[in-house]
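A.B. asks: Take a look at the following structure, please.
The values are calculated or read from the model by the stated rules, or taken from the named source; none is laboratory data. Computed from a predicted model, the values in this text were never measured in an experiment. Ideal geometry is used to build each Cβ from the backbone, glycine not excepted, and the neighbour counts take in all protein chains shown.
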């Protein structure tokens with residue numbers, strides 16, 4: 001049984017038994033719960049924490065857990081309907097209405113219910129994270145002289161130097177700003193480079209979080225199609241001419257969601273086209289460290305080949321560590337750097353110094369290269385497990401490209417497939433998937449789904465998740481209505 005499932009089951013059982021205790025009465029000790037339910041201490045601790053978060057129990061260090069006192073009478077809520085008018089009027093004069101839609105981002109942040117296979121996750125499963133190395137790095141960082149003082153606005157010089165070396169080329173530490181994660185860096189870059197109402201060229205399909213950033217800033221995302229070799233230069237040139245855009249956001253390495261790598265012959269073409277248009281290229285390079293073991297040598301970032309300041313580079317440690325290890329670098333050359341710096345200061349001041357110190361400790365430790373090698377091997381194994389399971393159970397779903405990096409597969413569904421219905425059926429069958437529609441800034445050319453293989457416990461869970469997805473597929477296609485009754489119905493063992 002997976003740990004998350006055990007936690008959910010124990011929390012459910014304890015929730016049902018709470019009526020046996022009076023408010024303020026002590027619950028059985030952790031040791032008693034471990035022996036009674038035959039679960040681990042970690043499972044008991046997490047189950048009690050879940051009940052505490054729900055306001056059902058209170059925990060007292062060294063004393064135990066107690067049934068919570070009933071909440072006070074609910075506060076009377078006033079009439080907030082006036083806000084509908086105020087919020088709508090806020091963007092009435094904008095050339096492009098600002099819309100704040102977090103659904104595409106929440107799809108990869110929200111944890112599915114206990115027992116559901118997480119094919120929609122956007123981060124490494126805890127078993128893949130360097131938890132011990134991060135903990136040791138944070139402990140060492142906390143003991144560094146001045147670790148809790150105010151850092152330089154741009155970031156610690158040693159960390160900026162590390163990011164500059166990592167990019168390569170002629171990039172220097174003076175051209176690097178340390179930011180709080182890739183999402184924050186992309187937000188800063190778009191605010192710096194495009195005024196409200198302006199068009200911004202985006203790859204199609206692309207990361208939904210980027211589309212959310214653009215629309216919330218009142219920008220107009222204009223799609224430029226990608227294929228198995230990355231963004232298509234001829235269409236890119238056409239888009240610049242047609243729109244007058246001054247920004248392209250591109251993910252040249254392990255593009256999200258297709259997994260494509262920009263072909264060597266296209267790299268200089270993209271830079272030349274952008275330079276001729278007087279435009280910037282925001283290079284989203286946050287998954288570089290999720291390379292698979294069989295990928296071969298990686299191309300350098302576009303920023304390493306750009307002497308003219310066309311590229312604004314975004315690189316991050318988050319994807320290869322943990323969603324909470326939000327340390328990123330925003331790199332640019334020329335006058336734009338000061339604008340990026342000013343926007344970051346206004347928005348966030350700086351990244352907390354202890355986290356920057358911990359990042360330095362982590363990347364400088366022998367555990368860091370070991371972790372990257374381990375992740376590369378494990379991601380390849382998981383990718384191969386998922387592709388094999390899909391070919392066995394779901395040959396109807398097309399996999400145009402098997403990536404050599406990243407953490408997901410991009411599947412084309414047969415024409416006429418209802419993505420939303422499939423995602424709903426999948427959740428009923430016990431597996432969470434991501435529909436393709438949010439990845440397109442305009443009408444999608446075909447239905448798709450994205451499946452992540454990094455957020456699950458391991459190959460066995462991947463195989464089980466695909467079996468459940470097969471049941472959901474059969475339900476939506478009307479092949480066998482009984483498949484909706486359980487994830488394993490009518491499937492081969």
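A.B. asks: For region 164-183, name all the residues that are in contact (Cβ under 8 Å) with a residue 40 or more places away in the chain and in contact with a helix residue (DSSP H, G or I) (Cβ under 7 Å, 6 or more places away or on another chain). Give the derivation first.
C.D. replies: Residues of region 164-183 that are in contact (Cβ under 8 Å) with a residue 40 or more places away in the chain, as a first pass: 164, 166-171, 175-183.
Hits for region 164-183 are 164, 167, 168, 169, 171, 175, 176, 177, 178, 179, 180, 183.
A.B. asks: Continuing with the same structure: Could you count how many residues in region 165-180 are touching a strand residue (DSSP E or B) at 6+ places or on another chain (Cβ under 9 Å) and outside any helix (DSSP H, G or I)?
C.D. replies: Kept after step one, since they are touching a strand residue (DSSP E or B) at 6+ places or on another chain (Cβ under 9 Å), are these residues of region 165-180: 166-167, 171, 175-180.
From what is left, the residues that are outside any helix (DSSP H, G or I) are 171, 176-180.
So the count comes out to 6.
Yes/no matrix, rows are residues, columns are (1) crowded, with 21+ Cβ neighbours inside 10 Å; (2) over 23 Å from the mean Cα position of the chain (by Cα); (3) assigned by TED's automatic domain parsing to the domain that holds residue 444:
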residue: 162; (1), (2), (3): no, yes, no
residue: 185; (1), (2), (3): yes, no, no
residue: 190; (1), (2), (3): yes, no, no
residue: 195; (1), (2), (3): no, yes, no
residue: 210; (1), (2), (3): yes, no, no
residue: 216; (1), (2), (3): no, no, no
residue: 238; (1), (2), (3): no, yes, no
residue: 241; (1), (2), (3): no, yes, no
residue: 261; (1), (2), (3): yes, no, no
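A.B. asks: If only one of 457, 446, 429 is within 30 Å of residue 316 (Cβ to Cβ) and modelled with pLDDT under 95, which one is it?
C.D. replies: Numbers: 446 fails: within 30 Å of residue 316 (Cβ to Cβ); 429 fails: within 30 Å of residue 316 (Cβ to Cβ).
After ruling out the rest, the residue left standing is 457.
A.B. asks: Considering only residues that are in contact with a strand residue (DSSP E or B) (Cβ under 7 Å, 6 or more places away or on another chain) and either in a strand (DSSP E or B) or modelled with pLDDT of 95 or more (or both), which ones fall in region 195-211?
C.D. replies: Hits for region 195-211 are 199, 200, 201, 202, 203, 204.
A.B. asks: Let me ask something additional. Which residue, of 135, 102, 53, 63, is over 27 Å from residue 468 (Cα atoms) and at pLDDT 85 or above? Even if it seems obvious, please write down each step before you answer.
C.D. replies: On the way: 102 fails: at pLDDT 85 or above; 53 fails: at pLDDT 85 or above; 63 fails: at pLDDT 85 or above.
Every option except 135 fails the conditions.
A.B. asks: Examine region 245-268 for a residue that is touching a residue at least 12 places away in the same chain (Cβ under 8 Å), out of contact with any strand residue (DSSP E or B) (no Cβ under 7 Å at 6 or more places or on another chain), farther than 25 Å from residue 176 by Cβ and outside any loop (DSSP other than H, G, I, E, B), and state whether such a residue exists.
C.D. replies: There is no residue in region 245-268 that is touching a residue at least 12 places away in the same chain (Cβ under 8 Å), out of contact with any strand residue (DSSP E or B) (no Cβ under 7 Å at 6 or more places or on another chain), farther than 25 Å from residue 176 by Cβ and outside any loop (DSSP other than H, G, I, E, B).
Results for (1) in contact with a strand residue (DSSP E or B) (Cβ under 7 Å, 6 or more places away or on another chain); (2) at pLDDT 95 or above; (3) part of a helix (DSSP H, G or I), shown as yes or no for each residue.
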{"residue": "94", "(1), (2), (3)": "no, no, no"}
{"residue": "152", "(1), (2), (3)": "no, no, no"}
{"residue": "158", "(1), (2), (3)": "no, yes, yes"}
{"residue": "163", "(1), (2), (3)": "yes, yes, yes"}
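A.B. asks: Any residue at all in region 390-400 that's under 30 Å from residue 133 (Cβ atoms), modelled with pLDDT of 95 or more, in contact with a helix residue (DSSP H, G or I) (Cβ under 7 Å, 6 or more places away or on another chain) and not in a helix (DSSP H, G or I)? Before the answer, list the steps.
C.D. replies: Quick first cut of region 390-400, residues under 30 Å from residue 133 (Cβ atoms) only: none.
So far as region 390-400 goes, no, none of its residues is under 30 Å from residue 133 (Cβ atoms), modelled with pLDDT of 95 or more, in contact with a helix residue (DSSP H, G or I) (Cβ under 7 Å, 6 or more places away or on another chain) and not in a helix (DSSP H, G or I).
A.B. asks: Tell me which residues, restricted to region 304-333, are within 19 Å of residue 275 (Cβ to Cβ) and in contact with a helix residue (DSSP H, G or I) (Cβ under 9 Å, 6 or more places away or on another chain). Steps first, answer last, please.
C.D. replies: As a first pass, look at region 304-333 and keep what is within 19 Å of residue 275 (Cβ to Cβ): 304-313, 331-333.
Matches in region 304-333: 304, 305, 306, 308, 309, 310, 311, 312, 313, 331, 332, 333.
A.B. asks: Which residue out of 367, 377 is modelled with pLDDT of 95 or more, surrounded by fewer than 19 Cβ atoms within 10 Å (Cβ to Cβ) and more than 21 Å from the chain's Cα centre (by Cα)?
C.D. replies: Details: 377 fails: more than 21 Å from the chain's Cα centre (by Cα).
One residue alone meets the criteria, 367.
A.B. asks: Can you name the condition, by its number, that residue 461 falls short on among (1) within 22 Å of the chain's Cα centre (by Cα); (2) part of a helix (DSSP H, G or I); (3) more than 30 Å from residue 130 (Cβ to Cβ)?
C.D. replies: For residue 461, the exception is condition (3).
A.B. asks: Report the residue count in region 341-355 for those that are surrounded by fewer than 23 Cβ atoms within 10 Å (Cβ to Cβ) and either modelled with pLDDT of 90 or more or in a loop (DSSP other than H, G, I, E, B) (or both). Let's see the steps before the verdict.
C.D. replies: At the first step, the residues of region 341-355 found to be surrounded by fewer than 23 Cβ atoms within 10 Å (Cβ to Cβ) are 341-343, 345-350, 352-355.
Of the ones still in play, those that are also either modelled with pLDDT of 90 or more or in a loop (DSSP other than H, G, I, E, B) (or both) are 341-343, 349-350, 352-355.
Number satisfying all stated conditions: 9.
A.B. asks: Could I ask something else about it? Quick one: is residue 141 modelled with pLDDT of 90 or more, assigned to a helix (DSSP H, G or I), more than 20 Å from the chain's Cα centre (by Cα) and surrounded by 19 or more Cβ atoms within 10 Å (Cβ to Cβ)?
C.D. replies: Numbers: modelled with pLDDT of 90 or more: yes; assigned to a helix (DSSP H, G or I): yes; more than 20 Å from the chain's Cα centre (by Cα): yes; surrounded by 19 or more Cβ atoms within 10 Å (Cβ to Cβ): yes.
When the stated conditions are applied, residue 141 passes them.
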